[in-house]
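Before any comments, here is the structure.
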Amino acid sequence: MEYLAQSTDPSPAHILCCECGVPISPNPANICVACLRSKVDISQGIPKQLSVSFCKQCQRYFQPPGTWVQCALESRELLALCLKKIKAPLSKVRLVDAGFVWTEPHSKRLKVKLTIQKEVMNGAILQQVFVVDYIIQSQMCGDCHRIEAKDFWKAVIQVRQKTLHKKTFYYLEQLILKYGMHQNTLRIKEIHDGLDFYYSSKQHAQKMVEFLQCTVPCRFKTSQRLISQDIHNNTCNYKSTFSVEIVPICKDNVVCLSPKLAQSLGNMNQICVCIRVTSVIHLIDPNTLQVADIDGSTFWSHPFNSLCHPKQLEEFIVMECSIVHHPKRSAGAGVISKKHTLGEVWVQKTSEMNTDKQYFCRTHLGHLLNPGDLVLGFVFYTITFLLAYINISSTRRFHSKLILLSCRQYQDFLEDLEEDEAIRKNVNIYRDATIPVESDTDDEGAPRISLAEMLEDLHISQDATGAEGASMMT
C-alpha cells in the first residue's frame with residue numbers, strides 16, 4: 001500500500017466571475033477586473049482635454065487666478081500647474097502616480113499620464129491609468145502687454161555720470177549684461193549724461209538700484225509723483241523716480257584729494273592717479289607707489305574731481321628711464337603696490353623735438369617704459385604725470401568681441417579691458433572664431449586676453465573621435 005504525500009502549500013481556491021464565468025481569485029465584488037472596469041469608470045468626471053495659457057514673449061504659463069510662472073518643459077513646476085487644473089475632480093479619487101508623456105516641443109501639446117485608485121463595489125479597490133491632454137494656447141500676459149504699449153511704466157532710474165569719458169559706464173553696462181539685470185527693463189533711453197531705465201514695478205527698480213550700489217560707487221535719491229487716487233478704497237497710483245549719480249572719476253584720471261582725506265589714507269600725496277574704478281575707486285601715488293581704495297560713502301563725504309580730461313593728453317617720447325629700487329617712505333605710509341615699479345623718466349614732447357626742452361618726472365610705470373617709447377601725459381607747469389603706456393608703431397588686434405555698445409571711446413575701454421585682468425573677471429568675453437589666439441602676449445609683449453578666458457562661447461563642431469557626427473560609443 002502506498003501513501004500519497006499531501007502538498008504543504010495548497011493552491012488557493014477560485015471562484016467564477018458572476019458576469020462572465022471566468023475563474024478568479026475571491027474579491028469583495030466577486031467580479032473579474034475586466035467586467036468591473038466595464039461596469040465602473042473611476043476616471044469619470046475627470047476631463048481628458050484641457051488648455052493651458054502660455055505667453056510667448058516672457059515664456060511663462062498662466063496659473064489661475066492671476067499669476068504667471070516660469071516653468072521648463074516636463075519640470076515639476078509645470079506638472080504641478082497641470083494637476084491644479086483638475087484639482088477638484090482628483091479630490092474624489094486617490095492619485096498614485098503622475099508623469100509627462102514625451103511630445104514634440106513644437107506640437108503645442110502636453111500629455112500627463114495619471115494613475116488613480118478608488119474604492120468601488122463592496123470595498124473593492126480599482127486602479128486605472130489614463131492620459132490627460134493639455135493644449136497650449138498663446139496669450140500675452142499683462143506685463144508683456146504693457147511693454148508693447150511702450151509708454152507704460154511705474155518706475156524710472158536715471159543713471160548719471162558727470163564726466164567727459166564714459167569708461168565707468170561701459171564697465172557698468174557689461175556687468176548688467178553678465179548678470180541679466182536688464183531682463184525686467186521695459187526700455188532703456190540714452191541721454192547726454194547717462195541712461196534711463198524704465199520698469200513696470202517699483203520693486204524691479206529697487207533691485208536695480210541695489211545692484212548699482214554693489215558694483216559702482218554711487219549715491220541715489222528717490223521721489224514719487226501721484227498719478228491717481230481712489231478715495232473709496234484708499235489706494236493710490238504713483239510713479240517713482242530714482243536718481244543715481246555715479247562718481248565723476250574714470251580710469252587714468254588725475255585727481256587732487258583734500259588734505260584731510262589724504263591724511264586718512266596714510267599720509268598719501270594729494271595728487272594721485274586713478275588706476276581702476278570697480279565697486280571702489282583705486283588710487284595710486286605715482287611718486288611713492290602708495291595705493292588706496294575709496295568707497296562711495298567716503299567719496300561723497302570728501303568729494304574730489306578730475307584735474308584734467310583726456311583731451312588734454314599730450315604725446316611724449318621717453319629719452320631716459322631708470323628704476324628707483326629703494327624709494328623713501330614717510331612715517332605712517334599706507335600699502336605699497338607690488339604690481340608697479342617706481343621709475344624716474346626724462347621725456348620730451350614730440351611736438352618739441354627740434355628743441356632741447358625736456359621734462360623730468362616720476363612714474364608708477366617704470367616696469368613698462370624704455371627709451372624711445374611713446375607715452376601720453378598731462379603737463380602741470382614743470383611736472384609731468386605719465387598715465388598710459390602705448391606703442392603706436394605697431395597695430396594691435398583684439399582677439400575678443402563683446403556684446404552691445406558702440407562709440408569711439410569704446411575702443412579705449414577695450415584697451416583697458418585687455419590690459420587689466422581684475423576688470424575682465426566681471427565681464428563676459430566671447431571668442432571671435434575669425435581671429436586665432438596663439439598666446440597670452442603679442443609680439444611686442446603687450447598683454448592679451450588668453451583663450452582660457454573666452455571658453456564660454458566655444459562651439460565644437462566635431463566630437464572627440466575626430467569625425468563630424470560620429471558616435472562616441474561603439
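The values are calculated or read from the model by the stated rules, or taken from the named source; none is laboratory data. Remember, predicted model here, so these are calculated numbers, not experimental data. Here the Cβ is made from the backbone with ideal geometry for all residues, glycine too, and neighbour counts use every protein chain on show. To get the accessible areas, we keep the full protein, side chains included, count just its heavy atoms, and leave off ligands, DNA and RNA. Shrake-Rupley method; radii C 1.70, N 1.55, O 1.52, S 1.80 Å.
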Determine whether SER258 is assigned by the TED database to the domain that holds GLY343, farther than 28 Å from LEU369 by Cα, over 29 Å from the mean Cα position of the chain (by Cα) and of a type in the set (Gly, Ala, Ser). yes
Being more than 16 Å from GLN137 (Cβ to Cβ), among the hydrophobic types (A, V, I, L, M, F, W, C) and part of a strand (DSSP E or B) is the filter here, so list the residues in the stretch 92-114 that pass it. LEU95, VAL96, ALA98, PHE100, VAL101, VAL112, LEU114
Any chance you could count how many residues in the stretch 247-266 are touching a helix residue (DSSP H, G or I) at 6+ places or on another chain (Cβ under 6 Å) and either open to solvent by less than 10 Å² (accessible area, probe 1.4 Å) or assigned to a strand (DSSP E or B) (or both)? 2
Those strands (runs of 3 or more DSSP E) lying entirely in the stretch 115-234 with at least 3 residues in contact with a Lys or Arg (Cβ under 8 Å, 6 or more places away or on another chain): 125-138, 194-199, 218-230
Any residue in the stretch 290-298 that is over 12 Å from PRO217 (Cα atoms), part of a loop (DSSP other than H, G, I, E, B) and open to solvent by 30 Å² or more (accessible area, probe 1.4 Å)? no
Which of the numbered conditions does MET353 fail, given that it passes all the others? Conditions: (1) touching a Phe, Trp or Tyr at 6+ places or on another chain (Cβ under 8 Å); (2) farther than 25 Å from VAL216 by Cα. (1)
For the stretch 159-210, which positions are open to solvent by 70 Å² or more (accessible area, probe 1.4 Å), free of Cβ contacts under 8 Å to residues at least 60 places away in the same chain and aliphatic (A, V, I, L, M)? ILE188
Which of the residues belonging to the stretch 264-309 are small (Gly, Ala, Ser) and without any contact (Cβ under 8 Å) to a residue 24 or more places away in the chain? SER264, SER297, SER301
Within the bounds of the stretch 126-147, is there any residue that is of a type in the set (Ser, Thr, Tyr), within 30 Å of LEU212 (Cβ to Cβ) and not assigned by the TED database to the domain that holds CYS274? no
So, of the residues in the stretch 299-314 that are buried (at least 17 other Cβ atoms within 10 Å of the Cβ) and either outside any helix (DSSP H, G or I) or touching a Pro at 6+ places or on another chain (Cβ under 7 Å) (or both), which turns out to be modelled with the highest pLDDT? PHE299
Residues within the stretch 211-229 that are open to solvent by less than 50 Å² (accessible area, probe 1.4 Å) and over 17 Å from PHE197 (Cβ atoms), tallied: 1
Give ARG276, ARG329 a once-over and let me know the one that is in a strand (DSSP E or B) and either surrounded by 12 or more Cβ atoms within 10 Å (Cβ to Cβ) or aliphatic (A, V, I, L, M) (or both). ARG276
I'd like the full set of residues that are open to solvent by 70 Å² or more (accessible area, probe 1.4 Å), over 25 Å from GLN127 (Cβ atoms) and among the aromatic types (Phe, Trp, Tyr), limited to the stretch 50-109. none
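Results for (1) in contact (Cβ under 8 Å) with a residue 40 or more places away in the chain; (2) loosely packed, with under 11 Cβ neighbours inside 10 Å; (3) among the β-branched types (Val, Ile, Thr), shown as yes or no for each residue.
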site	(1), (2), (3)
ILE15	no, no, yes
VAL22	no, no, yes
SER38	no, no, no
LYS113	no, no, no
ILE116	yes, no, yes
GLY123	yes, yes, no
